[in-house]
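The values are calculated or read from the model by the stated rules, or taken from the named source; none is laboratory data. Bear in mind that the values here come from a model prediction, so they are computed numbers and not experimental data. Because the Cβ atoms are built from the backbone with ideal geometry, glycine has one as well, and the counts that use them run over all protein chains shown.
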Amino acid sequence: MKSSEDKIFRGGLQKIPRPQFWSEGAEAPWAELKAADKKISLRFLEKQLLGRTVRIEETAAPPPKRNSAVLIALYEKQDELTVILTRRTKEMRSHSGEVSFPGGGQELDEDLWHTALREANEEVDLNVSLVRRIGELDHLTTVSSQSRIVPYVAVLREPPEMRPNPVEVAAILEVPLNELLLPGIYREEKWEWPTQGSERPIFFFEIDGDTIWGATANLLRQLLVIGLGLTSVGE
């Protein structure tokens with residue numbers, strides 16, 4: 001086993017609450033694919049999302065106290081499928097400085113799809129008239145915020161013009177999906193939780209200047225696995 005002090009990251013400066021003991025996890029689900037097969041098309045992704053059953057992921061997290069939604073907004077630019085992410089400001093009360101999808105908590109009398117749209121508009125000034133919903137990923141419950149996350153996947157009919165809300169968003173990140181499939185970007189760790197007698201995988205994407213981890217990395221991994229036509233998100 002490795003101690004949490006043994007690892008130096010080449011991504012971002014995010015604070016990662018790694019437990020005392022952890023180990024290296026599995027390689028990327030797409031590691032054995034040929035380079036020619038590591039390309040995600042919007043048409044195939046949309047077809048895969050249409051035919052899949054959404055699961056509610058069971059974790060060691062306490063029962064959720066609220067519902068929230070995130071928008072996984074994709075657009076095509078020069079035949080490259082790109083996803084919109086944000087880096088949260090350091091002043092945010094939770095998940096400060098972390099990379100995330102636009103999203104947040106559900107308001108009274110609001111369905112979760114409109115929660116995702118509202119939050120994207122508030123955080124990055126996204127023009128929601130550009131958005132077309134194409135599916136959902138598996139629902140997650142976060143340990144830290146005790147929130148059930150419903151992740152909606154959508155496509156924009158054109159590359160958007162966006163502006164970060166300085167209260168919440170330090171930077172807008174527009175990341176090509178194919179970049180996330182390059183060698184050395186993805187990795188996995190297994191974290192031990194002695195108080196719960198369990199071990200669980202934690203996923204990371206080390207991109208230029210940022211580390212994507214936690215629920216956001218989990219959802220990105222799902223998206224890539226589905227978009228590549230691989231059989232199982234969980235394996």
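Could you check, for the range 210-220, whether at least one of its residues is over 14 Å from the mean Cα position of the chain (by Cα) and either among the charged types (D, E, K, R) or part of a helix (DSSP H, G or I) (or both)?
Within the range 210-220, none of the residues are over 14 Å from the mean Cα position of the chain (by Cα) and either among the charged types (D, E, K, R) or part of a helix (DSSP H, G or I) (or both).
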What single numbered condition from (1) in contact with a Gly (Cβ under 9 Å, 6 or more places away or on another chain); (2) among the aliphatic types (A, V, I, L, M); (3) in a loop (DSSP other than H, G, I, E, B) fails to hold for Ala28?
(1)
Conditions: (1) touching a residue at least 40 places away in the same chain (Cβ under 8 Å); (2) on the phi > 0 side of the Ramachandran plot. Asp79 meets all but one. Number of the miss?
(1)
For the range 160-174, pairs from a residue that is in a loop (DSSP other than H, G, I, E, B) to a residue that is basic (Lys, Arg) and modelled with pLDDT under 95, with Cβ under 8 Å and 6 or more apart or across chains, are Glu168/Arg88
What are the residues in the range 121-157 that are outside any strand (DSSP E or B) and closer than 12 Å to Gly105 by Cα, if any?
Ser145, Gln146
Could you list, in sequence order, the residues of the range 175-196 that are without any contact (Cβ under 8 Å) to a residue 12 or more places away in the chain and of a type in the set (S, T, N, Q)?
Thr195
Extreme residue, nearest to the chain's Cα centre (by Cα), among residues of the range 39-54 that are in a helix (DSSP H, G or I) and over 18 Å from Glu158 (Cα atoms)
Leu49
Pairs with Cβ under 7 Å, 6+ apart, first in the range 121-140 and farther than 19 Å from Leu219 by Cβ and polar (S, T, N, Q), second at pLDDT 95 or above and surrounded by 17 or more Cβ atoms within 10 Å (Cβ to Cβ)
Asn127/Pro160
Just to be sure I understand, how many residues within the range 190-205 are surrounded by 14 or more Cβ atoms within 10 Å (Cβ to Cβ) and modelled with pLDDT under 95?
6
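Would you say Glu76 is modelled with pLDDT of 85 or more and surrounded by fewer than 13 Cβ atoms within 10 Å (Cβ to Cβ)?
No; evaluated as a whole, the condition is false for this residue.
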Residue list for the range 121-160, restricted to those being surrounded by 17 or more Cβ atoms within 10 Å (Cβ to Cβ), under 14 Å from Ile72 (Cβ atoms) and out of contact with any helix residue (DSSP H, G or I) (no Cβ under 7 Å at 6 or more places or on another chain):
Glu123, Val124, Glu136, His139, Ala154
